[in-house]
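Below: one structure, written as structure tokens.
The values are calculated or read from the model by the stated rules, or taken from the named source; none is laboratory data. No experiment lies behind these values; they were computed from the predicted model shown. Quick reminder, even Gly has a Cβ in these numbers, built from the backbone with ideal geometry, and neighbours come from all protein chains shown. Accessible surface is based on the protein model in full, side chains and every heavy atom, while ligands, DNA and RNA are left aside. Shrake-Rupley method; radii C 1.70, N 1.55, O 1.52, S 1.80 Å.
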Amino acid sequence: MAKVIEGLYYSESHEYVRVEGDFGYVGITDFAQHALGNVVYVDMPDVDDDVTAGEEFGAVESVKAASDLISPVSGTVVEVNEALEDEPELINQDAFENWIIKVQLSDKAELDNLMDAAAYEAICK
């Protein structure tokens with residue numbers, strides 16, 4: 001069973017958000033990285049780009065497939081995880097430690113549209 005962490009917010013497209021103050025760290029879940037297999041490339045937006053909840057902001061490519069990244073929240077990208085540019089496989093090692101983008105959240109009410117750990121575990125079964 002894939003790892004699911006309490007206290008994070010999850011989307012049906014298998015992204016998570018870890019909220020710290022007015023910022024959200026967005027990445028793919030452990031379930032998603034297992035499904036993809038060995039990650040070989042992460043396409044990330046630029047700092048200062050805006051992301052919109054429910055819309056694509058990049059992609060993750062593995063030896064098996066490419067998968068669009070769908071933002072679970074809206075806001076402005078304030079940081080990208082540059083370590084993934086050289087070592088995309090970090091996502092396979094720990095998907096929750098190796099977030100993809102850090103977003104200044106524009107509307108925290110959007111978090112109410114996401115799942116908690118228990119609800120996410122249920123859709124992964």
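Within segment 71-78, is even one residue open to solvent by 20 Å² or more (accessible area, probe 1.4 Å) and either of a type in the set (Asp, Glu) or at pLDDT below 95 (or both)? Among the residues of segment 71-78, not one is open to solvent by 20 Å² or more (accessible area, probe 1.4 Å) and either of a type in the set (Asp, Glu) or at pLDDT below 95 (or both), which makes the answer no. Of all residues in segment 70-97, those that are more than 19 Å from Tyr10 (Cα to Cα) have Cβ atoms under 6 Å from Cβ atoms of residues that are basic (Lys, Arg), 6 or more apart or on another chain, in Val78/Lys102; Glu79/Lys102. Scanning segment 100-114 for any residue that is buried (at least 19 other Cβ atoms within 10 Å of the Cβ), among the hydrophobic types (A, V, I, L, M, F, W, C), under 13 Å from Glu15 (Cβ atoms) and touching a helix residue (DSSP H, G or I) at 6+ places or on another chain (Cβ under 8 Å) turns up at least one such residue.
Surrounded by fewer than 18 Cβ atoms within 10 Å (Cβ to Cβ) and either in contact with a Gly (Cβ under 7 Å, 6 or more places away or on another chain) or farther than 14 Å from Leu90 by Cα (or both): is that true of Val63 in this structure?
Numbers: surrounded by fewer than 18 Cβ atoms within 10 Å (Cβ to Cβ): yes; either in contact with a Gly (Cβ under 7 Å, 6 or more places away or on another chain) or farther than 14 Å from Leu90 by Cα (or both): yes.
Criteria met by Val63.
Tell me, please, whether a residue that is among the polar types (S, T, N, Q) and over 22 Å from Val4 (Cβ atoms) can be found in segment 56-74. Scanning segment 56-74, I find at least one residue that is among the polar types (S, T, N, Q) and over 22 Å from Val4 (Cβ atoms), so the answer is yes.
For (1) farther than 20 Å from Gln93 by Cα; (2) at pLDDT below 95; (3) touching an Asp or Glu at 6+ places or on another chain (Cβ under 6 Å), each residue gets a yes or a no:
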site	(1), (2), (3)
Ala2	no, yes, yes
Tyr9	yes, no, no
Gly21	yes, no, no
Leu36	no, no, no
Ala53	yes, no, yes
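When Glu56 is tested against (1) acidic (Asp, Glu); (2) surrounded by 20 or more Cβ atoms within 10 Å (Cβ to Cβ); (3) more than 15 Å from Asn98 (Cβ to Cβ), only condition (2) is not met.
Name the helices (runs of 4 or more DSSP H) wholly within segment 1-108 that hold at least 1 residues that are touching a strand residue (DSSP E or B) at 6+ places or on another chain (Cβ under 9 Å) and closer than 21 Å to Ala119 by Cβ? Steps first, please.
Working: elements: 30-36, 83-86, 90-93.
Qualifying helices (runs of 4 or more DSSP H): 30-36.
Out of curiosity, is Asp94 touching a Gly at 6+ places or on another chain (Cβ under 8 Å), over 14 Å from Val17 (Cα atoms) and modelled with pLDDT of 95 or more? If you could, list the steps in order and put the result at the bottom.
Values: touching a Gly at 6+ places or on another chain (Cβ under 8 Å): no; over 14 Å from Val17 (Cα atoms): yes; modelled with pLDDT of 95 or more: yes.
No.
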